[in-house]
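The values are calculated or read from the model by the stated rules, or taken from the named source; none is laboratory data. Quantities reported herein were computed from a predicted structural model and do not represent experimental measurements. For neighbour counting, all protein chains shown are included, and Cβ atoms are generated from backbone atoms with ideal geometry for every residue, glycine included.
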């Protein structure tokens, strides 16, 4: 009888090994961080350089467009004629609020509150959709006012910069909706909060980048653009793009 019990316990233990392996966390890197989290930080660092290049090019082209306008040259509207700061301020506020709901979503799964997780993830995605709807309306209004992608050097750099950011927001929205679906199917447990945290890192990065874009694109007056343009030109030469 004792031998039978020992055999049964051994078999039960052997059966638990694959189960434990299935739920093992990703091994930490040499820095002590989860390998997936470290990879996301590296991706965001590279994306910072890309956005930095686009912002620097925008500032240079905006300054050139304004100078051509003052000299009676160039075609199409220029920044001070077309940018709607109050409207874009509302869109920026909406996106900033989505960072708060993302924090609440992470806090919910860390407490094991799956209903709260789905509510706050859904709210974050909804706020992202509102922001994208506002950007689409802005682009449409600019087009009707004569500012297209190839109208002048300002429009080209503006649409590329803001459109690239909009693509990042769209990817984030799809990511958040995917997490909601996985949670509804029971595939997002409390011990898998890292999946939500990594998505949160990406989303907060998108929000921070928009703060920078909103400040430099919409709030900086032309009188200050010349000084910033000179610094941007030196930066582009330094990285080999100027």
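In table form, for the structure just shown:
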{"item": "Filter pass, residue 93 being part of a helix (DSSP H, G or I), more than 17 Å from residue 212 (Cβ to Cβ), modelled with pLDDT of 90 or more and out of contact with any helix residue (DSSP H, G or I) (no Cβ under 6 Å at 6 or more places or on another chain)", "result": "no"}
{"item": "Residue under evaluation residue 37, criteria (1) at pLDDT below 90; (2) under 27 Å from residue 190 (Cβ atoms); (3) surrounded by fewer than 16 Cβ atoms within 10 Å (Cβ to Cβ), criterion not met", "result": "(3)"}
{"item": "Test for residue 86: is it closer than 30 Å to residue 129 by Cβ and modelled with pLDDT under 85", "result": "no"}
{"item": "Close pairs from the stretch 105-125: first on the phi > 0 side of the Ramachandran plot and at pLDDT below 95, partner assigned to a helix (DSSP H, G or I) and surrounded by fewer than 17 Cβ atoms within 10 Å (Cβ to Cβ), Cβ under 8 Å, at least 6 apart", "result": "112/190"}
